[in-house]
Amino acid sequence: MSSTDVVHALLTALFTGAALYAVRHVIAPGRPAPREYVDHLLHAAMALAMAAMPWGPPLSRTPQTVLFAAGAVWFTLTPARRPGESRATAAARRLPSALGMAAMVWMLRNPHGTQHAAALAAPRTAALVTPVLALCLLVCALRALTRDMPSLRATPRPAAVLPLPYGHFWDGSMALGTAVMLVMPHH
């Protein structure tokens, strides 16, 4: 087994875990609000598609491209503001999900490691878009994965204010895994 296969196996495990986490939110008692329900379904679909991506060509690129493009638009146009939160802050919270969906569309339309015509037709665009998307996702991943780390402040936050880190872990893991998939060869 090559080192690339090992990385692909690790990414498959990561994306499968993220898909299970999203599905758990969909089927858990006390169903989420309609917007959150769609969010979790989109995350589950993306995670499952990402888990399968390294091992072979997807079933059909066009329906997936349409789904994930719609997902990118969904996350961009549906920010829900929390009390006292600005519109820009609400939109920024949804940016990692929108970027992930956009990266999925980009990978489906411009696959690495294949002789796909679209990949050969736009090498300059690919040379710019791929690293920009990967860098943005890496920043989102680092923010999500380090968000709940203790700070260097003199007065720590009370324990009652600390959120459960699981959601941030899966958000950050998805963003990091997607960034890695953007730069690795896959079908």
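Side notes on the structure shown:
- Ranked for footprinting exposure by Cβ neighbours inside 10 Å, fewest first, TYR37, TYR166 give TYR166, TYR37.
- Candidates VAL23, PHE68, VAL38 compared by Cα position along the dipole of the range 1-95: farthest toward the positive end lies VAL38, with charges placed on Cβ.
Any read-out appearing in this document is the output of simple, stated calculations on the displayed coordinates, not a laboratory observation. These figures come from a predicted structure and were not determined experimentally. Every residue, glycine as well, gets a Cβ built from its backbone with ideal geometry; the counts of neighbours run over all protein chains shown.
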